[in-house]
Amino acid sequence: MLETARVGYAFGLNPEGQLVHTYWGPRLPRSEDYPRPVSVPEWASFSPAAHLITEEYPAEGGPKYIEPCLKVHFADGTRDLDLRYQAAHWTDGTLQVQLRDAVYPLQVTLHYRPHPSHDLIERWTTLHNGGDEAMVLDRVWSAQWHVPAGEQDRLSHLTGRWNDEFRLHREPLTPGVKVLESRRLTTSHHHNPWFALDRGQAGEETGEVWFGVLAWSGNWKLAAEVTDFGQNRISLGLNDWDFAWRLQPGATFQTPASLGGFTPAGFGAASRCLHDFIRQDVVPRGQEVRQVLYNSWEATAFEVNEASQVELAEVAASLGVELFVVDDGWFHRRDSDARGLGDWWPDEQKFPDGLQPLINRVKGLGMAFGLWLEPEMVNPDSDLYRAHPDWVIHYPARARSEARNQLILNLGREDVQAYLIDLLDRLLRQHDISFIKWDMNRNVSEPGWPTAPGDPRELWVRYVQGLYHVWDTLKARHPQVVWQSCSGGGGRADLEILRRADQIWISDNTHAPARLEIQEGFSQVFPASTMEAWVTDAGHEQVPLRFRMHVSMTGTLGLGGHLAHWTADELELAREEIARYKTLRHIVQFGNQYRLRAAQQSAFSAVQYVTKDQTEGVVFAFRTHLARPTTLPPLLLQGLDPDALYEVEGVPGARSGAAWQHVGLTLKLADFESTVRTIRRVGD
Ligand code: GLA
């Protein structure tokens, strides 16, 4: 039995000695309440017991036809596993359950770490080859989550594409297997390794929801299976597509972690559970206030030089910006996306005296300095590629397909890792850099590795391990740096990258109405503190600056417009809103988030944040375009103490938290009008 504050999870040995899942849901009052595993009789010769039991971590082997978590082939050609329970013990808050194949020297350990205050259970698996012959792992997933079946079960997931990430889908879960995955080397814009499962009726604040994530930044797979006997099984793990791992004698392989949670209180509560966990346990600087930043990309693109950046920096500082980030275009021969990637030193023409004079100027203006990098990439037109053409992912006899004129360095290679660590370490040692935007702007093709140490298909995993190693090493050596994960926007957003990155650039789409929808999808999993959101010039003809500011203020505010082109009135407005944001950001970044009205469903949307002590809150409401005449429905506030008295900015008189929740806040908004209202507890 694993218990968190409100959740129980149980599994055990059935009379046949198999490890069987029995319960996941609300915590039960007495330990005897949790069901014990029982024998399951065969139903027919076509449906033997092995197929029917809810095995905790089913391996391929014997007469079962469900999705297994583990597929292995042994040196003698056997592709069948017979895992037997050995022992279980607790170490450092983690339960380890050891299984062993009945014949072959394969040890499988299931690891469970409950996170009591977050109502999450973290699971991962390790495999150890105790023999003297290699064995090949064909599939090795992190976990299978058994979600009790209801009548009208629904799967929620996030899909999208570049410039349009994190679109929420809810669909009936029907018999068969629904697969979500990445085959792109990164987490991907296309699906995110997250799921939620409900009975078909859960809402934002009501209803039972089971949910989970995979903490991995490479190829992954989620298989949501409803078996022929109506069992729901959600498996998460490394993608087994084009995958193999040769487990050498004496070697151990560890999977990424999957986290699962349950709440009786709707999708909003599920998100808040993940938000708190991410802030408290995942993000390195998850408890620190995120700075208001300026990013130069949409203003100056590749026209980066001291003069163009100083011009922006001066205006940015006068508005209250705290961190000035120079994006792409600053390094050796980088005049367009056609060349330069790989040569990470300042361009001699643009910065004849190096970057330090600009950094000094930015610091003199009272701001910290940040820089864009895309370490995993190389343009064929670069010194690095000319010196090391064999360092990229490729097949010798195939063309190397370029995307955005670039190829991918094979970060699985130790020499590539060492080169990057050395070069970037030097860059960080020689300059006063407080922030790095780590970008990754293409997906993989021709995934060859001619000199691979093991099976060449290990590339998919070794690459990501190499990425983590490079990033971790740089982090350890430069603890002052705050990091951002970007992959052409939201292509690499997951819980494992967030162990390195403090914030995420969630989309290259900065058009505010689109952004509202993307941000809302992102919030299903990730807290506002990790969501970098810039106000740019996108859509400025139609969407007022105040609206654009408010959209970005629901996350970690940044600016990305061409400030030199902004009018005096616009600059004044930006200054005011930035100052306002600084008075609100502790609520937005660290408070509980409530999606009051969904931007992906309605042109009238709202999101609210409330501090943990329920003394302060803020609500943001947006109307994009609605046909007239329109009366907006009242906004039913959430998360307030029902018996305490609260004032909402702009509304005379205090009301109880219960009144704000059930009577609501009436607003009048025109098209592309927004409002920000603070909420203050004024009495008990
Ligand atoms: C990607 C990023 C952008 C910007 C450009 C620079 O598209 O998502 O924010 O950094 O690269 O080339």
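The values are calculated or read from the model by the stated rules, or taken from the named source; none is laboratory data. Keep in mind the model is a prediction, meaning the values are calculated, not measured. Note that we place each Cβ from the backbone using ideal geometry, even for glycine, and neighbour counts take in every protein chain shown. Side chains are part of the model used for accessible areas, which takes the heavy atoms of the whole protein and leaves out ligands, DNA and RNA. Shrake-Rupley method; radii C 1.70, N 1.55, O 1.52, S 1.80 Å.
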Value at 222 nm in deg cm²/dmol, rounded to 500, when DSSP H runs of n ≥ 4 in the chain each add -39,500 (n - 2.57): -6000 deg cm²/dmol
Size of charge dipole - the chain - debye, nearest 20, with Cβ of Lys, Arg +1 and Asp, Glu -1, no other charges: 780 debye
Under 11 Å, Cβ to Cβ, from GLY266 - net charge with Lys/Arg +1 and Asp/Glu -1: -2
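Roughly speaking, to the nearest percent, how much of the chain's 1.4 Å accessible area is carbon and sulfur?
Here carbon and sulfur together make up 49 percent of the probe-accessible area.
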Whole-Hz ³J(HN,Hα) from phi, Karplus 6.51 cos²θ - 1.76 cosθ + 1.60, for segment 112-124, glycine and proline x: 10, 10, x, 10, x, 6, 9, 6, 10, 10, 9, 10, 8
Extension gain (nm, one decimal) between ASP381 and SER602, 0.36 nm per residue minus Cα-Cα: 74.9 nm
PHE324 long-range amide H proximity, modeled H, under 5 Å: TYR294, ALA368, PHE369, GLY370
Added length on full extension, which subtracts the Cα-Cα distance from 0.36 nm per residue, ALA5 to ALA149: 49.5 nm
Solvent-accessible heavy-atom area per residue, rounded to whole Å², over the chain at 1.4 Å: 36 Å²
Long-range lysine pairs (8 or more apart or interchain), the chain, Cα under 25 Å: 13
Peptides ranked, highest mean first, by Cβ atoms within 10 Å: ranges 354-360, 393-399, 220-226, 108-114: 220-226, 108-114, 354-360, 393-399
Among TYR9, ALA75, PHE351 the positive-end extreme of the charge dipole of the chain (Cβ point charges): TYR9
Counting all C-alpha pairs of the chain, share separated by more than 36 Å (%): 43 percent
Potential lengthening between THR631 and TRP241 on full extension [0.36 nm per residue; Cα-Cα distance subtracted]: 135.3 nm
Pairwise FRET efficiency - ASP281 versus GLU133, Cβ, R0 = 41 Å, nearest 0.05: 0.55
GLN86-ARG199 FRET efficiency (beta carbon distance; Förster radius 41 Å; 0.05 resolution): 0.65
Per-residue ³J(HN,Hα) for segment 570-578, Karplus 6.51 cos²θ - 1.76 cosθ + 1.60, θ = phi - 60°, Hz, x for Gly and Pro: 5, 5, 5, 4, 4, 4, 4, 5, 5
Lys, Arg +1 and Asp, Glu -1 on Cβ, resulting dipole of segment 313-408 about Cα centre, debye, nearest 20: 100 debye
Approximate spin-label separation GLN349-GLN107, in nm, with each point projected 7 Å along Cα-to-Cβ: 6.1 nm
